[in-house]
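Take a look at the structure set out below.
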Amino acid sequence: MSTRRAELGEFLKARRARVSPEDVGLPAGGRRRTPGLRREELAQLAGVGVTWYTWLEQGRPINVSGQVLDAVATTLRLSSIEREHLYRLAEATPVRAPQASACANENVFTEILAALDPLPALITNTRFDIIQSNQAATDLFWDWHTLPCIHKNLLWCIVTEPRARQQLLNYDQEVPYLVARLRSAYGEHVGDPDWETDLARLRKLSPEFAALWSRHEVAPCTPRPRHLLHPAAGELHLTVTELALPAHPDLVLFVDTPTDEQTRTRLTRTRRAPAPA
């Protein structure tokens, strides 16, 4: 059984457990050993064979048509991002491969990030490894690095650094979102040794991450609030925007913008040196 097929099975089981019989017009049917729909119920509602669906959840190498996957997705009430994730895991849609482009190169990233200063900005890959950051971002999160890092990674820093939990006031919203974004990206990297090694290491290091990862949640990219309690600047209210880099499909530009004038003023107090002229 391939890693991708195993991931597909776990995703389907997690989503099936989320749908109650009442959600799809079925009677509760007395006591159930596990939450959600039974396999045979889902198969009947989707119009597919019970044996076929069981094999699909078991990760067996069976042929899967788009039409049948769509019926399963509809029965499971999958969102658009979850549906895309399902198709990717089932290899029913082409996996997008990063392509070289003359539109941009990494040498120009430094200049772009510097031009965004005093707005904190950084570029990561879809695994949240930090590729580059400007001085404003480095200054804002300067004291989030009391623990030794295996590598510079946005998610690792948040879930393993004690000060991140203390200073990120909406931690309980930010971390599940980032894990769901990571799961969305993982669909294109199932079985990749670098990804699998990092995920295994982070699951071992952070039980919180392991629990969130086991939920198989996926999420689309969306602007979101970030509320910080900075030791020098006090409360900061920012909006995090993720911008795609078409010439580099595996990279994302993160920019924090103040949501109010007080935050815009206080942001200057986070600087460890005068901002670039």
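Values quoted throughout were computed directly from the atomic coordinates according to the rules given, and no laboratory measurement underlies them. Everything quoted here is computed from the prediction, not taken from an experiment. Here the Cβ is made from the backbone with ideal geometry for all residues, glycine too, and neighbour counts use every protein chain on show.
Listed from fewest to most Cβ neighbours within 10 Å, the set Tyr171, Tyr87 follows the order Tyr171, Tyr87. In terms of its C-alpha gyration tensor, the chain has a prolate overall shape, because the principal axis ratio a/c (a ≥ b ≥ c, square roots of the eigenvalues) is not below 1.5 and a/b outweighs b/c.
Residue-wise HN-Hα couplings along the stretch 82-92, as the Karplus relation 6.51 cos²θ - 1.76 cosθ + 1.60 with θ = phi - 60° gives them from phi, are 5, 5, 4, 5, 4, 4, 5, 5, 7, 6, 8 Hz; Gly and Pro carry x. Within the shell defined by Cβ-Cβ distances under 12 Å, the residues around Tyr53 carry a net charge of +2, with Lys and Arg each +1 and Asp and Glu each -1.
Rounded if a/c is under 1.5, else prolate if a/b is larger than b/c, else oblate: which is the stretch 195-266, with a ≥ b ≥ c the root eigenvalues of its Cα gyration tensor? Note, shape of the stretch 195-266 comes out oblate.
The 3J(HN,Hα) values that the Karplus relation (6.51, -1.76, 1.60; θ = phi - 60°) gives for the stretch 127-140 are, in residue order, 8, 6, 5, 7, 7, 8, 9, 8, 5, 4, 5, 4, 5, 4 Hz. Gly and Pro appear as x. Every helix of 4 or more DSSP H residues in the chain counts as -39500 (n - 2.57), and over all residues that averages to -12000 deg cm²/dmol at 222 nm.
Once a ≥ b ≥ c are taken as the square roots of the eigenvalues of the Cα gyration tensor of the stretch 231-277, is the result rounded (a/c under 1.5), prolate (a/b larger than b/c) or oblate (a/b not larger than b/c)? Prolate shape, in that a/c is at least 1.5 and a/b is the bigger ratio.
For the chain, the dipole from Cβ point charges (+1 on Lys and Arg, -1 on Asp and Glu) about the Cα centre works out to 880 debye, to the nearest 20.
Could you quote the convex hull projected area for the stretch 106-270, Cα atoms only and averaged over all directions, in nm²? Intermediate results must be reported in sequence, preceding the final value.
On the way: hull surface 37.6 nm².
Average projection, Cα convex hull of the stretch 106-270: 9.4 nm².
Other residues whose C-beta falls under 14 angstrom from the C-beta of Phe209 contribute a net charge of +2, scoring Lys and Arg +1 and Asp and Glu -1.
Backbone amide hydrogens, once placed in the peptide plane, bring Thr239 within less than 5 Å of Arg226, Thr257, Thr259, excluding anything fewer than 5 places away on its chain. With the charge dipole of the stretch 185-277 set up from +1 on Lys and Arg Cβ and -1 on Asp and Glu Cβ about the Cα centre, the Cα lying farthest toward the positive end among the listed residues Leu238, Leu212, Leu199 is that of Leu238.
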